[in-house]
1. Cut-off is 10 Å between beta-carbons; in what order do S11, S88 appear when sorted fewest neighbours first?
2. With Cβ to Cβ distances under 12 Å as the rule, what net charge do the other residues near K75 carry (K, R +1; D, E -1)?
3. Taking neighbour counts of Cβ atoms within 10 Å as a proxy for exposure, in what order, fewest first, do R131, R136, R21 appear?
4. Starting with the highest mean, order 110-119, 36-45, 90-99 by the number of other Cβ atoms within 10 Å, averaged over the residues of each peptide.
5. For the stretch 7-145, what is the percent of antiparallel DSSP beta bridges, rounded to the nearest 5?
6. Excluding same-chain residues fewer than 8 positions from K27, which lysines have a Cα within less than 26 Å of its Cα?
7. Take C50, C107 and order them by how many other Cβ atoms sit within 10 Å, fewest up front.
8. For the chain, set up a Gaussian network in which alpha carbons nearer than 10 Å are linked by springs, and say which option among L34, L16, L86 fluctuates the most.
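Bear in mind that the values in this text are calculations on the coordinates, not laboratory data. The model shown is predicted, which means the values in this text are computed figures rather than measured ones. A quick note on method: Cβ atoms are made from the backbone with ideal geometry, for glycine too, and the neighbour counts reach across all protein chains shown.
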Amino acid sequence: MTDTLPAETTSPTETLEVGRRIAGRLKPGQVVALYGDLGSGKTHLAKGICAGLGLDPERVTSPTFALINEYVGKKWTVYHFDTYRLKSLDEFLALGYEEYFEGDGVCLIEWPDVVESVLPDDAIRIRLSHRTGDRRYIEFTRPGVYG
């Protein structure tokens, strides 16, 4: 996966394409944590990952108010979390997150800072940075973990 990132994109379409490439390297049961400020492209990257896993990217929306969206595909299910509105880790623990993390789907987590302590050691951590205009920089936060 180190040949996919880092990447700099200049449009939402390019960010989706990076997500598709990331999806090509994922396995069932993986957790992908997406870090970045508001407007950095986390949801667009999630759409691209879902598209790369055979799901309709138009169905993918940020689960800010729902906390989790579930997208069922022919091959895999994607569990898309947004923990931005969580006030404490206990709220996440009450979801029974282990079933999602240990299942056969892929978990995408936007705003994972509040749940960092329960992320698996092998979670893929990706940081998106907003540059000028539509430019985004996408990188691993711990590049030595991925291969």
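1. The fewest-first ordering by Cβ neighbours comes to S88, S11.
2. Spelling it out: positives minus negatives among the neighbours equals +1.
3. Ordered from fewest to most neighbouring Cβ atoms within 10 Å, R131, R136, R21 come out as R131, R21, R136.
4. Those peptides, ordered most packed to least, come out 36-45, 110-119, 90-99.
5. Among the beta bridges of the stretch 7-145, antiparallel pairing accounts for roughly 50 percent.
6. Leaving aside lysines fewer than 8 places away in the same chain, those within reach of K27 are K42, K47, K74, K75.
7. C107, C50
8. Maximum among the listed residues: L86.
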